[in-house]
Each structure stands twice: as structure tokens, then as C-alpha cells.
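As C-alpha cells, the structure follows; a few thoughts come after it.
What follows is calculated from the coordinates using simple rules that are stated; it is not laboratory data. Please read all numbers here as calculations on a predicted model, not as lab measurements. Positions of Cβ are backbone-derived with ideal geometry, glycine not excepted, and every protein chain shown enters the neighbour counts.
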Amino acid sequence: MKRSLLLLTLAGAVAMQSCKMKTTSSAVTGDAAARTYVAPGKYDELYNFVSGGFNGQVSVYGLPSGRLLKLIPVFSVHPENGYGFSEESKPMLQTSFGFVPWDDQHHLALSQTNGEHDGRWLFANANNTPRVARIDLTTFKTMEIIELPNSGGNHSSPFLTENTEYVIAGTRFAVPVGNQESALDNASYKKNFKSTASFIGIDKNTGQMNVSFQIILPGMDLDLSRAGKGPSHGWFFFSTYNTEQASTLLEVNASQKDKDFIVAVNWKKAEEYVKAGKAKKMATEYYHNTFNEETHSASSSVVKEVLTLDPEELDGLVYLIPCPKSPHGCDVDPSGEYIVGSGKLAALIPVFSYQKFTKAIADKAFEGEYNGIPVIKYEAALHGEVQKPGLGPLHTEFDANGNAYTSFFVSSEIVKWSLKDLQVLDRVPTYYSIGHLMVPGGDTKKPYGKYVVAYNKITKDRYLPTGPELAQSAQLYSIEGEKMQLLLDFPTIGEPHYAQAIPAEKIQAKSVKFFDITKNKHPYLSAGEKATKVVREGNVVHVYMTAIRSHLTPDNIEGVQVGDEVYFHVTNLEQDWDIPHGFAIKHAPNAELLVMPGETATLKFSPIKPGVYPFYCTDFCSALHQEMQGYLRVSPKGSNVPLKWGTGTEAPVEEVASR
Amino acid sequence: MLLKQLLPVLTTALILTACGGSQKPPASQPAPPAADNSMVEDKPAAADPKGIGKFRDVPLTHPLNEGMVQQGKAVADLKCTSCHRLTGEKLVGPGWKGVTDRRTPEWIMNFITNVDEMLDKDAEAQAMLETCMVRMPNQNLSDEDARAVLEFLRKNDGKN
């Protein structure tokens, strides 16, 4: 968040308290509680996937209750279940710069078919170390993470085309391509720095991602983006700031020009150029990590080249539309005709028309060029401006009735306006300083509507104080009537940016209950207790262990020495829903494992001192859960204690079947 | 999960304490919350020797089907023998020796495939839960796998 915005906000908040801002009691009317109450044992109407911001994860809430259902680990390690600590999951966080255990997760996109959410996958961006992840919505697990080459700050991502042909990754921070160094001054920025828009192709059956091509744009900050839809399908639109091309004090230097740009990319044209061999192969290196549901293990591959397209050389690939005052949101309405730019420092909202935009191209209604790319005349593409809507427009979502809902950070409100005549229809305060907002399906061709959710940056006095660091919040409003109505607010974990919501029935029936153990192809699977064993290979010790209510096998292990690397490969033999077993061992410096039914997971432990190390199940599994424990004996290095393991006596009748 | 799984157990434990029939007196447990008794049946159903479930008539073959015995052993090794010995010795669950004499084939098949309803309603299954104190996991055996395990149990009991 920019400091100037913060200052403005505070000033705005003070100013408003005297006039506009309602109190909680007057803002919430009588039946709000009944409309958000989901009785014990009942389900919510919608899944709400919310970006975690600086926690790097995705959280899942139920709407309208605001109940937290799950935290999905994506870009940050998660000691709670071993994500990023288990041997199987470590490759998910590998990059060309090594293991990166954290990121900043901003935006989410549910996969679409014909411009509607289909409930298959959820895509998430990493803003810091540029990556895109794919989460499977049958397991709510991160299945794939792809790194982006030639990118600094993957902010305008992971927005999708209407049939999930591509997920987009656009650079917030322009950087020299190929990880080159450069002097840091404005002249060097202009010369060396580039922005890139990466089109990641998605396999329509598996969801597998691959960077199809990259468009190399002049250095500037690509902020947010949206695909065209319906008539504008085939185009991608990005908002930009810092078209001044400053490398320093952007707060001032990137706010010099009256207008920056909406960058319009014709990706169908890009496909044609790639097909015609006009793309250049560039040597690079980036990681592509995938999780295999059968081996319950992730693996990484390294990709060595990327196809690039240069819009200065390739006609008709990119056009620029002037847009006032460092636009942030760049949102396309359900019909695909209107593109709404939201200048962070503007006091109006420009709405562009796709039809007028294409006519302007045909008529060559250009006002000039920017780094060799045609700039369309502002008025030629403009549908109109929403006048005096509020201060600091950020993002816009849509309902199915031709209305738009724009968040205003500075004036801390949501404003409803009409796409047709650009008249403001209603406004409600948010508590406080809204960033993103989300109408369920509000970015698709067929908004589900019913609610708009505000994701607020500042909560100040809204909840019981918890010291200097406070929760961010979400606020749920009904949009069923002409006037928006505040129903509920609830604190969130991490910092929510963009979110998605989908009717529960599109996901809940497909939810996986457990992994079929007969399909488990983990190389260290113990297929039943008889398959458990301990194997020494030099100083590496593999423990093949099983977990079932309520014992671990083997649970007494001797013969391990200081200096050994012990791998506990724990297979959960359960085949029942909601019976994970945990595994933790004393003094392990990493984390625990949570092993789902039918799954195998591995914790590495390298004892540094002799002794006896208790291990146990951490997830309460039965009345005898407390008994689910065991011991590892660690002897000094060079000890002659033989390798020995077991759980009680061996089952005496081994060969009944052959009797 | 925890409460759902635990409630019937706790309830059973409380009933037990009152009757004094337990081999293993439960430690002092908090009373289950009174408000939500949705998981607790008022009374076990009257004992049906065939148990509760879809299997009402399981035809047995003589001699034993050796293919099924082998398949049953493989399934049991993967999913069952962590808790059940082939002898009469109780491990987590009861030993398997003699089970085909104690129970009907239908009861065994129903218990394997309809675990939760059996544990919640069948008097015999509930009596075992009182002894073992761990709910048998539903290991999601197919009907075919359950039948194969039954054949393996028959072999284990020396049937032919």
C-alpha cells in the first residue's frame, strides 16, 4: 500500500466520520442476522476462496456465514500439515533460485467453461517470486506451481480466458530480461527494463500449465488484467502505471502523467504469429512443479527456453488506450463490451467500449506511438465516464442486471452504478478502506450476484484489539434490492486481496473423501502392516511405517545412530473419511506430517544426539489416540546396536492361505 | 470429526459404567454435550443374527473358493490385519479365530461393509465396541472384497 494513499485515507476517514459514515448499528438493519445465519449442521450457500496476501496461502470461507472452512497451503510452507516440510511436498516450492518458502498471494481465478465458473480448478498468483499455482477443487490441494521467467512481481495474474485456454501472468515490476543487472536510474530503466505478459496455456483435460509465449512490452508496471469475453474474447486488457518509466520514488515520479494506459493484447493474433514462426526462442530457466496424486509426491522439471513476441515488430498485436491517473483495476463486464479502468488517483471512472475500440483501430484513430506501439485516442475508445463516483476507485465487479460495483479505497465505500447510463445508483461505507471486492461470479459472463463482499485493509476499532497487529476483514452486503445492505463482517486471516465465490453444489459432490490405498504408488508405500520394515542404506535409514486407529507400526525402532538420516515414510491405512493420522517426533527441527487416509508421506529426521525419541500421532483419531505412540532409540555413531523394529509380537499365523 | 467419532464412544462408555460390565473401566470422561444427541441412538436395535445391512442371504461354497481366499488374504493384509490377529487373541479388534462360528456370514459381510450403522445400532457390534473401545474403521471394502475376506476367514477357521 502506498503511503500517500494511506494518508489520504486517514484524512478521508476523519473527514467522513463527521458526515457520511454510518455507525454499525445504523448500517445493519433488522433481518441481517437471519440472512447470514447458517444453523449448526447446515451448509453454506457458496464457497468463498480468498487470497491470503502476505501469508501466501488461500483461505476458504462459507458464505453467507463467513465461517472459515480451510486454509489451503499454496506458496508458503505450512508446518501444520507438513506442506513444504514433507519430502513429498518440498519440490512444490522449488524455483530457479532454490527453495522459496513464502510468497505474497494476491489474486484468484476459478476455471471457466463458456465464461462461467466450472468448479474444476482454482488458480493463484505469487506476487514476489513470480509463480502461478493450480489447486484441484476435488482435493483442495495445490497440484502445480509454475515459475515465470523474465518477470518481476507477478501481480496482474492469474486471470483467465473464458474457456480457461490461458492463465495470464503480467509483471508488476519491469526488470531487465534474462536476469541481467543494470544501473538504477531513469535512463537505464528506459533502456534496459521490460515488462512481460506471459500466456500460460492450460490443458483442458488435466489443467497442466505451460508457458505458451511471452509478449515483451516496454518497461512499465502492469497492474491488473482481465480477458475479454463474448465479442471481446481473443483480447486481454492490462492496466498500467509508471508509463513515466521511473526507477525511483514512484509515488511521485509515476504520478506525473495525466494518463497511463490500458494495454490491449490480441492473443489470437499472438497465436497466429507463434504458428507462423514469428516468435523468438529465448534461453532461460524456470521451474515447473507438479504433484502426482498416485505417488502422493511432487516433482520438479526445469524448462530452458521461452517463446517471445515483440509488439514493436509485429503489427496488430498490442494497442494502448490512454486511461487516467495510474489505473489499478481493469475489469470487463459480463457482456464483454465494456472495459472499466479505475485510476487510483482519479475522481472519475472511464468506461471503454470494445466496439469503439475496434472501430478506432480500423479507423486508425491514433494519437501517436509509445515505444513503437500505437496509442488510440482516448475519446475514440471511450464509452463514457462515471462522474464524481468517489475517491480512489480500485476494482469493479458486476451483477447480471447491468450494474457495476466499484470499490473506493480513499473514500472507503462501494459505489453501485449503471453500465448503460453511467449514473451512480447507491453507495455504502466499508469499515475501513476497501481494497478488492467480489460479487460471486461477478467476473464471469453470468454473475450469480446476490452478494458483494468487501475485502478491507484496515479494521482499527472493529474488533476486540489484539495489540498493534490487527486482522483484515471481509464485509458481506446484499445486492438483491436496489440498495446495498450490510449483512455481516468477519475478520480474515492473512491480507485478503481478490477472491472468488461459487455455488457450493458445483464443488461439494465432487469432494474426495480419502485416497484409495490400492491405487497408492508411492515408492515407500507400506501396503499393510506386514509390509512395514526398516532398511539401512549407508547412513540413510528408511522406516516403512503404517498408521491406523490407534497404533503406529513399527513403534519401537533401535539401531539408528547419530549422523543417520532417518526417513519416516508413514502410510495411513485408513479408508474412511476424515481420519487423518499425524506424525511428530521429539526434537525434529522441521514440522509434523498430517497423512490423509490412503496416503503416504515422509518426514526426514537427522538425530544429533543419542537418546530415546518418542514419536506419536498428532491428530486425535480415536479413544485410544493418546496410546498411539512409539520410541526411536538413537545410539552414538559407530555403535553396534543392531537394527531392530516391531510392534509387539509378530502375527503368528503367516501362511493361513496356503494351509 | 473428533466429536462425531467420539460421541458414540463416550456415550457407550457412560452406559457401561452404569452397568459395570466393562473389562476396561473408562477414565473419567466429560459428559457429552446434551444439546446435540443426533449421533446417539436411543436404544440398540434388537439383535438380528444377520446384522444390519444389505446382505440377507450369502450363499457359501463348498469346497472353499481358493481364488477368493487368496484375494481375501491380500485385502486383509492391506486393510485389516493391523488390528486383527488370525488367532483368538484380541489386538485392537477381536482375534479372528472362530469368527465364522460366532457370526453368520451375513453379519460378517454387513459389519465389514456397513460399519458405522452396525456400530451405532447392532447390539452385538456395540457389545464389541464396549470391549475394544476403538470404532472399527470403515475400510471401504467393495462387496467383492468383503466376500473374499469372508472366504479367508472361513479358511482361517478350518472350514472346507
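Couple of notes before you dig in:
- Total formal charge among the other residues, if their Cβ is under 11 angstrom from that of A:Glu379, Lys/Arg +1 and Asp/Glu -1: 0
- Surrounding net charge for A:Thr618, when Lys and Arg each add one and Asp and Glu each subtract one, Cβ distance under 11 Å: -3
- Residues whose amide H comes within less than 5 Å of that of A:Lys377, counting only those at least five positions distant or on another chain, are A:Phe366, A:Glu367 (H built at 1.01 Å from N in the peptide plane).
- The length gained on full extension between A:Thr248 and A:Asn292, counted as 0.36 nm times the residue separation minus their Cα-Cα distance, comes to 11.5 nm.
- Mean residue ellipticity (222 nm) of chain A, computed from DSSP H runs ≥ 4 via -39,500 (n - 2.57), nearest 500: -2000 deg cm²/dmol
- Note on the stretch A:297-355: the C-alpha convex hull projects to 8.3 nm² when averaged across all orientations.
- Residue exposure sequence - A:Ser635, A:Ser418 - by fewest surrounding Cβ within 10 Å: A:Ser418, A:Ser635
- Hits among lysines - C-alpha to C-alpha of A:Lys530 under 22 Å, sequence gap 8 or more where chains match: A:Lys519, A:Lys521, A:Lys644, B:Lys73, B:Lys79, B:Lys90, B:Lys97, B:Lys155
- At least 15 Å along the helix axis (C-alpha) and Kyte average at least 0.5, DSSP helices within chain A: A:3-18
- Other residues lying with their Cβ under 11 Å from the Cβ of A:Ala126 contribute a combined charge of -2, Lys and Arg counting +1, Asp and Glu -1.
- With neighbours defined as other Cβ atoms within 10 Å of a residue's Cβ, the residues A:Ser473, A:Ser433, A:Ser353, A:Ser511 order from fewest to most as A:Ser511, A:Ser353, A:Ser473, A:Ser433.
- A:Asp223 long-range amide H proximity, modeled H, under 5 Å: A:Ser239, A:Thr240, A:Tyr241
- The A:Lys388 and A:Ile608 beta-carbon pair, evaluated with R₀ = 56 Å, returns a calculated FRET efficiency of approximately 0.25.
- Here the simple spin-label model places points 7 Å from the Cα toward Cβ, and for A:Lys304 and A:Lys521 these points are separated by 2.7 nm.
- Student exercise, the protein assembly as shown dipole from Lys, Arg, Asp, Glu Cβ charges, in Debye to nearest 20: 480 debye
- In chain A, taking the dipole from charged Cβ atoms about the Cα centre, the farthest positive-side position among A:His288, A:Ala183, A:Leu69 is held by A:Ala183.
- Averaging the sequence gap over all C-alpha pairs within less than 8 Å and six or more residues apart, then dividing by the number of residues, gives chain A a relative contact order of 11 percent.
- Of the trypsin sites (Lys or Arg not before Pro) in the stretch A:382-433, the ones in a loop by DSSP (not H, G, I, E or B) with at most 16 other beta carbons within 10 Å are A:Lys420.
- Once the C-beta distance of A:Ser418 and A:Lys275 is scaled by a Förster radius of 41 Å, the resulting FRET efficiency is 0.50 to the nearest 0.05.
- Per-residue Cβ neighbour counts within 10 Å put A:Cys330, B:Cys83 in the sequence B:Cys83, A:Cys330, beginning with the fewest.
- Contact order relative to length of the stretch A:519-651, as percent, for alpha carbon pairs under 8 angstrom and 6 or more apart: 29 percent
- What the Cα convex hull of chain A gives, in volume per residue, is 185 Å³.
- Remark: the A:Tyr631-A:Lys42 segment gains 207.8 nm on full extension, using 0.36 nm per residue and subtracting the alpha carbon distance.
- Two-decimal log10 I(q)/I(0) for the stretch A:519-651, as the Debye equation yields it once each C-alpha is a single scatterer, q = 0.09, 0.14 Å⁻¹: -0.23, -0.56
- Cβ-Cβ FRET estimate between A:Gln355 and A:Leu425, R0 fixed at 25 Å, reported to 0.05: 0.55
- Signed unit charges on C-beta, dipole axis of chain A, positive-most listed residue A:Asn253, A:Ile361, A:Ala531: A:Asn253
- Whole-number percent relative contact order across the stretch A:206-351, with pairs defined as alpha carbons under 8 Å at least 6 apart: 28 percent
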